[in-house]
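In what follows, a structure is listed as structure tokens, so that the remarks can point back to it.
The values are calculated or read from the model by the stated rules, or taken from the named source; none is laboratory data. Given the structure is predicted, the values throughout are model-derived calculations rather than measurements. Here the Cβ positions follow ideal geometry from the backbone for every residue, glycine too, while neighbour counts run over all protein chains shown.
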Amino acid sequence: MKKGSILLGVIPARGGSQGVPGKNIRLINGKPLICYAIECGLVCPSIDKLVVSTDSREIADIAKKCGAVTPFLRPSHLAQNTTPMLPVLEHALREAEKIYSCTVEAIVLLDPTAPLRTREDVEGAIALYRKDGVDAVISGNVACRNPYFNMVALDSGGYARLVVESNPPYGRRQDAPEVFDLNTIVWIFSRKTILEEKARIPKRSRLFIVPSERAIDLDNESDFQLLDAILKNKKVSDQHV
């Protein structure tokens, strides 16, 4: 890493949420959801600075109690339901550089909606980023469905067509190319990607694969119920170790 440059961890947590109101500060096993991302980021030695990007003073106060810093508030125009992530990261990058008087080499994105991530996941993704010198690392897990075999879309006539057609078509799912679901465990974007290329998945991206059992993404009430069951099962298992 160049002198004066940092690896910036960013936890995005806007105040509004359509799917699950108050999602980012909802209590999960006794503590706010955002705390899981904060605690993980704080124990990752490769992350030089960890900040929470939020438009909500309530979330900022809770994040501080969990050990995070919130050196800026995100403007409201970057906290809408339709706001993409890259402008949010650009804002965090520019604000961090002003506050810490440094250059942000890359941003490590830790979304609060993936509370089962581990330090090893984050450090592994960072190692992959630094090893290959790529523009981005995105996390994923082996997909249950395959666009070459059992995923369809409707064409202009309303007829079902495989998302990815092959010739000849694959007769068994096992013969189709392996595909992956993207998840929110850990994404890394280079400075160039954020400021210049502005692509969610730039051409020079590597996939960091995580086990499916840690890839839960909290978007609705059913996801929270599943997480609750996973944590309760884990607690029982730990008691019997």
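Of (1) on the phi > 0 side of the Ramachandran plot; (2) surrounded by 16 or more Cβ atoms within 10 Å (Cβ to Cβ), G133 satisfies all except one. Which?
Looking at each condition in turn, G133 falls short on (2).
Here is a check on your reading of the model: is G41 small (G, A, S), touching a residue at least 60 places away in the same chain (Cβ under 8 Å) and either outside the structural domain of R214 (by TED's automatic domain parsing) or in a loop (DSSP other than H, G, I, E, B) (or both)?
It is false that G41 is small (G, A, S), touching a residue at least 60 places away in the same chain (Cβ under 8 Å) and either outside the structural domain of R214 (by TED's automatic domain parsing) or in a loop (DSSP other than H, G, I, E, B) (or both).
Looking only at segment 113-129, which residues are at pLDDT 95 or above and either on the phi > 0 side of the Ramachandran plot or not aliphatic (A, V, I, L, M) (or both)?
R117, T118, R119, E120, D121, E123, G124, Y129
Yes/no matrix, rows are residues, columns are (1) within 25 Å of E196 (Cα to Cα); (2) among the small types (G, A, S); (3) within 15 Å of the chain's Cα centre (by Cα):
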residue	(1), (2), (3)
I126	yes, no, yes
G133	yes, yes, no
V137	yes, no, yes
A143	no, yes, no
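Here is a yes/no grid of residues against (1) touching an Asp or Glu at 6+ places or on another chain (Cβ under 6 Å); (2) surrounded by fewer than 16 Cβ atoms within 10 Å (Cβ to Cβ); (3) of a type in the set (A, V, I, L, M); (4) touching a residue at least 12 places away in the same chain (Cβ under 8 Å):
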residue: A92; (1), (2), (3), (4): no, no, yes, yes
residue: E97; (1), (2), (3), (4): no, no, no, no
residue: Y100; (1), (2), (3), (4): no, no, no, yes
residue: R117; (1), (2), (3), (4): no, no, no, yes
residue: I138; (1), (2), (3), (4): no, no, yes, yes
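If I filter segment 12-22 for residues that are under 23 Å from V137 (Cβ atoms), surrounded by fewer than 21 Cβ atoms within 10 Å (Cβ to Cβ) and not aromatic (F, W, Y), do I get at least one hit?
Within segment 12-22, not a single residue is under 23 Å from V137 (Cβ atoms), surrounded by fewer than 21 Cβ atoms within 10 Å (Cβ to Cβ) and not aromatic (F, W, Y).
Based on this model, can you work out whether Y148 counts as of a type in the set (F, W, Y), touching a Ser or Thr at 6+ places or on another chain (Cβ under 8 Å) and either more than 14 Å from A37 (Cα to Cα) or not assigned by TED's automatic domain parsing to the domain that holds P21 (or both)?
The answer is yes for Y148.
Considering only segment 55-85, state which residues are assigned to a helix (DSSP H, G or I) and either free of Cβ contacts under 8 Å to residues at least 24 places away in the same chain or surrounded by 14 or more Cβ atoms within 10 Å (Cβ to Cβ) (or both).
Matches in segment 55-85: R57, I59, A60, D61, I62, A63, K64, K65, S76, H77, L78, M85.
Scanning segment 34-54 for residues that are surrounded by 19 or more Cβ atoms within 10 Å (Cβ to Cβ) and over 14 Å from the mean Cα position of the chain (by Cα), which turns out farthest from S190 (Cα to Cα)?
Among those that are surrounded by 19 or more Cβ atoms within 10 Å (Cβ to Cβ) and over 14 Å from the mean Cα position of the chain (by Cα), it is C35.
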